[in-house]
Amino acid sequence: MYMNKVNTWYTIIKKSIPFIIIIIFAIIGIIGYSFESSTTPIRVLFKSTGGYVIFAHQAHVKDYDLGKCQDCHHNMASPGSVAAWKCTVCHNEGSEYANICEVRAPHRQCVGAQCVECHTKMGRDPKDCSFCHKL
């Protein structure tokens, strides 16, 4: 009789181990995520007439050692928040800079110019629109 109870408890514990491990990893993940202190966005979505561009911001910062935000973000002092770095902070409706990139061919003057220049140096075809622009 005693052995049946031991075997029953042993079976219950044995079947519960995967669930306990999942719960432990979930708790660790939640705690780790809550302590994330990086203000650098992982990805940025640009909406354009040529299709959406998903820019791997964090990968570019790390892979190409862009230590200063001003390397890409022009005319900016250190921001109080990530939202302060958005193009639309200055380039907004009602300002002289509204839609400046759309009006003045973005690949020659704005964000696209930096992308095309660097990717061309890396051997990418600057006319391969689908590499960046996803429909």
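Computed from the coordinates by the stated procedures, all read-outs in this text should not be read as laboratory data. The structure presented is a predicted model; accordingly, all values stated were derived computationally and were not measured. Note that each Cβ is placed from the backbone with ideal geometry, even for glycine, and that neighbours are counted across all protein chains shown.
Estimated at 0.36 nm per residue, the fully extended path between residue 68 and residue 88 surpasses their Cα-Cα distance by 5.2 nm. May I ask you to list the lysines whose Cα is less than 17 Å away from that of residue 14, ignoring any residue fewer than eight positions away on the same chain? Filter leaves 5.
Between residue 60 and residue 26, the FRET efficiency from the beta-carbon distance, with R0 = 30 Å, is close to 0.45.
One decimal place: the segment residue 117-residue 131 gains 3.6 nm when fully extended, by the rule 0.36 nm per residue minus the C-alpha distance. For residue 86, a cut-off of 20 angstrom between C-alpha atoms picks up these lysines, skipping any fewer than 8 places away in its own chain: 47, 62, 68.
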